Amino acid sequence: MSIIRVGIVEDQPMVMENLTAFFEQLPIFELVFSATSVETFMEEAFAHLPIDVLLLDIGLPGMTGIQGLPLIRAVDKNMDVVMLSAYEDSERVFSALKAGAVGYISKKSSLMQIKEAIEIIHRGGSYMSPSIARKVIGFFTPTKKKTDNKEILTSRQHQIVEGLADGLSYKMIASEYNISIETVRDHIKKIYKKLGVNSKAEVISKKLKGEI
C-alpha cells in the first residue's frame, strides 16, 4: 500500500498528541501537516501539499470546521476531508456532509478505528462511525418513534423528563421522587437510548414539542 499523507486540524492538545504519536508508529502513514485552526491551515497548508486525507475538528477557535470546509477543499480538490468530532448530532453531521466531508468519525472511536476509516476513505470509500451512521439511517427510515415515544418511557421516566423540562437538577429530581442521584442518572441514560438522543437539551426539546 502506498504511503497515505495525513493532515490534522485539531485544537485539543491531548487529541493532537495521541494522533501524532499513533501515526508516527505506522509506516503506511505520513503526518505531513497539523494545525490548531482553519485559519492556520489556510495560511500554511500550501507548503505541505499534497495531503491525501485531512482529519478536521468542528469545534475550533475562530472559524468552525464546517464553516471552513469549503475553503479547505478549495486548497486541494483531491484531498479527502474527514470530520473528527465530539459532536454527533444530526444537524452537524448533515451540515458537514453537505459541505463536502467524505466521512464523519466520532472522537469516541479508537485509534485503530480511525486508522481503518482513513484507509477506507483513501481507497475511495466513505466512513461514518457506527453511532453516527445509525443516526443517518434513522433520519431516512420512517419509524414510529414520534408517535410511540410517550409509550416507550416508564411512568418514572416521564416524571424525570418533567423534572428536566422544569429545570430541576439531578439532585432536585432525586429529592422530589425520593430516589438516589445514581438512580436518576441510570434513568437518564435509558431515556437517551429510548429516544435516540445524546443530551438533556434534546430530551427537553422533544418534551416541549409534545413528542414525549
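Rule-based calculations on the coordinates, nothing more; no lab input. Remember, it's a predicted structure, so these values are computed and weren't measured experimentally. All Cβ positions, glycine included, derive from the backbone under ideal geometry; neighbour counts span all protein chains shown.
Things to note:
- For the set Lys171/Lys193; Lys98/Lys200; Lys108/Lys209; Lys98/Lys207; Lys108/Lys189; Lys115/Lys190, the pairs lying more than 25 angstrom apart at their alpha carbons are Lys98/Lys200; Lys108/Lys209; Lys98/Lys207; Lys115/Lys190.
- Toward the positive end of the charge dipole of the range 1-149, with +1 on the Cβ of Lys and Arg and -1 on the Cβ of Asp and Glu, the farthest Cα among Met128, Ser110, Val75 is that of Met128.
- Cα gyration tensor category, rounded, prolate or oblate, for the range 1-65 with a/c compared to 1.5: oblate
- Kirkwood-type hydrodynamic radius, the range 145-208: 11.7 Å, calculated from all non-identical alpha-carbon pairs.
- Each principal axis of the Cα cloud of the chain was evaluated for its coordinate range; sorted largest first, these ranges are 61, 35, 31 Å.
- Its Cα gyration tensor gives the range 23-123 an equivalent ellipsoid; the semi-axes, largest first and in whole Å, are 19, 18, 12.
- Cα centre as origin, Lys/Arg/Asp/Glu Cβ charges: the range 4-139 dipole, Debye: 560 debye
- Within the shell defined by Cβ-Cβ distances under 13 Å, the residues around Val15 carry a net charge of -2, with Lys and Arg each +1 and Asp and Glu each -1.
- Loop sites in the range 145-212: trypsin sites (Lys or Arg not before Pro), DSSP, at most 10 other Cβ within 10 Å: Lys209
- When the Gaussian network model of the chain links Cα atoms closer than 10 Å, the mean-square fluctuations of Gly65, Gly167, Gly100 top out at Gly167.
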